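Okay, structure first, notes after.
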Amino acid sequence: MQINNVDPSYSLSRGCTDIFAQGSPKRISEVLSEQGVSDSPIKVEISREGQDAYKQMFQHDDQKDFKSLNLRLMPGEMSWGNEGWPDIEEFLGWGTSWKMMDDKIPQNYNSVFVSIKDKAAALLKGYAERYDEIIKGYEAGTRVRYVVDMDSEELYRKATMEEVLEYLRIEFEERAASLELMHKRDCMFREVHASSTMDGFPYGSSIRDVLKYGTLYRSMKDEENIVDIRKKLIDAASSFVSQYRESGLSKLNLQVL
């Protein structure tokens, strides 16, 4: 089974602003501007308890002084940072695009009838492509991301390439672990449905639907023997990184499992 390279779709509840219109996410400030909402900053007094909470969130260090932080209050929400800060979408780990690989995951990635081999290949491919984009972006000076830094005068700074790559690595390993759990769940799901009677299927299902589950289950039975998915993916990613400077994406081996 092949995984089509399709961007994931986003469904929003009725009446919500579609910040994913026209493809890429819009900045919060752009959406507010389009709606005629002012984002002019106002001075906010923060209690000592509130300062301590922010300090714990950002630096986890009670010994350092907490610097004042101006917040922008919007209708129904408290927005991001001091006046003049970059948009929240440009900070590592924040905003609507806080996951670095979301746009690299195929739409049918979560289907129980997509082979774990295809899912692992798609995950590794997404990681390698994003790794390549980060390297080339920093080399060209076109990629900039920020991190909160309570030791700096402005309370934030530009993230180094190494910090961005480390963030990517951690996310990839978390996704690899999740994929291993997903695989165990999928194997159980296929077996249960393959052995179900008509009573176990949704209303409107046909005998053909029941037989289809049985056929697909038998065709994917061997996948139950695939183990150590997380480790194999991490090893494959490490191998890719070690040879990247020499061959880039050209020698990326997607036969992970």
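The values are calculated or read from the model by the stated rules, or taken from the named source; none is laboratory data. These numbers come from a predicted model, not from an experiment. All Cβ positions, glycine included, derive from the backbone under ideal geometry; neighbour counts span all protein chains shown. Keep in mind that these areas ignore ligands, DNA and RNA; they rest on the heavy atoms of the full protein, side chains included. Shrake-Rupley method; radii C 1.70, N 1.55, O 1.52, S 1.80 Å.
Odds and ends about this structure:
- Ordering 220, 188, 161 by accessible surface, largest first, gives 188, 161, 220; the 1.4 Å probe counts only protein heavy atoms, with every chain in place.
- Potential extension, residue 242-residue 110 segment - 0.36 nm per residue separation minus Cα distance: 44.6 nm
- FRET efficiency, residue 151 to residue 174 (Cβ-Cβ, R0 25 Å, nearest 0.05): 0.35
- With a Förster radius of 35 Å applied to the C-beta separation of residue 222 and residue 132, the computed FRET efficiency comes to 0.60.
- Potential extension, residue 255-residue 189 segment - 0.36 nm per residue separation minus Cα distance: 21.3 nm
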